[in-house]
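Chemist: This is the structure I want to talk about, given as structure tokens.
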Amino acid sequence: MAFTKEVTLDGCKYSYSINSNVKPYTLRDTTFVQNKIGHYELKRLLENIPNSGNGFPLKITVHRDLNAFKLSITDQSGLRPVNIFRSEDNHILQDKFYFLMDSLVERHIFDKTLL
């Protein structure tokens with residue numbers, strides 16, 4: 001998956017784009033970790049039951065130039081994308097995803113647009 005300025009997950013109500021005023025210290029304050037290449041990564045496990053270790057990994061990678069990002073939700077292996085928005089049975093996972101993304105929007109890391 002390539003870095004883009006805007007990401008829309010299949011079935012998601014919102015489209016997310018990188019905020020033009022994002023700062024490196026804001027990313028670090030929100031638990032993004034800088035990898036060896038210099039990109040900023042945030043990894044969270046979206047779980048129905050907290051601390052069960054059974055869920056879908058969410059990974060957000062912001063380019064080191066702070067002008068583009070990648071966002072993905074995958075299976076446990078990290079190889080196949082998962083659509084948590086397809087079924088209403090995943091409403092807890094959807095709520096957790098929206099909560100996390102809303103917190104990043106409030107910190108001016110991302111902008112969100114209603115589709």
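A short reminder: the numbers here are calculations on the coordinates, not readings from a lab. The structure displayed is predicted, hence computed values, not measured ones. Cβ: placed from backbone, ideal geometry, glycine included. Neighbour counts: every protein chain shown.
Chemist: Condition check: surrounded by 15 or more Cβ atoms within 10 Å (Cβ to Cβ) and of a type in the set (K, R). Does K43 satisfy that? Before you say what the answer is, go through the steps one by one.
Modeler: Working: surrounded by 15 or more Cβ atoms within 10 Å (Cβ to Cβ): no; of a type in the set (K, R): yes.
No; evaluated as a whole, the condition is false for this residue.
Chemist: Of all residues in the stretch 71-93 being closer than 13 Å to R44 by Cα and of a type in the set (S, T, N, Q), which is surrounded by the most Cβ atoms within 10 Å (Cβ to Cβ)? Step through it out loud before you land on a result.
Modeler: First pass over the stretch 71-93, keeping only residues closer than 13 Å to R44 by Cα: 71-76, 78, 93.
Next, from what is left, pick out any that are of a type in the set (S, T, N, Q): 72, 74, 76.
Numbers: S72: 16, T74: 14, Q76: 13.
Among them, the one singled out is S72.
Chemist: Still on this model: Step by step: first the residues of the stretch 94-115, then only those that are among the hydrophobic types (A, V, I, L, M, F, W, C) and surrounded by 11 or more Cβ atoms within 10 Å (Cβ to Cβ), then the one that is farthest from F32 (Cα to Cα). Which residue is that?
Modeler: Keep residues of the stretch 94-115 that are among the hydrophobic types (A, V, I, L, M, F, W, C), which gives 97, 99-101, 104-105, 109-110, 114-115.
Add one more test, that the residue is surrounded by 11 or more Cβ atoms within 10 Å (Cβ to Cβ), and what stays is 97, 100-101, 104-105, 109-110.
Details: F97: 16, L100: 13, M101: 13, L104: 11, V105: 14, I109: 11, F110: 13 Å.
Within the stretch 94-115, the match that is farthest from F32 (Cα to Cα) is F97.
Chemist: Restricting attention to strands (runs of 3 or more DSSP E) lying wholly within the chain, give those where 2 or more residues are without any contact (Cβ under 8 Å) to a residue 60 or more places away in the chain and among the acidic types (D, E).
Modeler: Hits in the chain: 40-47.
Chemist: Can I ask one more? Out of everything in the stretch 1-23 that is over 18 Å from A68 (Cβ atoms) and of a type in the set (D, E, K, R), what residue ends up being surrounded by the fewest Cβ atoms within 10 Å (Cβ to Cβ)?
Modeler: Out of the qualifying residues, it is D10.
Chemist: Separate question: Might you check whether a residue that is surrounded by fewer than 15 Cβ atoms within 10 Å (Cβ to Cβ), within 21 Å of S87 (Cβ to Cβ) and out of contact with any Phe, Trp or Tyr (no Cβ under 6 Å at 6 or more places or on another chain) occurs anywhere in the stretch 24-40?
Modeler: No, the stretch 24-40 contains no residue that is surrounded by fewer than 15 Cβ atoms within 10 Å (Cβ to Cβ), within 21 Å of S87 (Cβ to Cβ) and out of contact with any Phe, Trp or Tyr (no Cβ under 6 Å at 6 or more places or on another chain).
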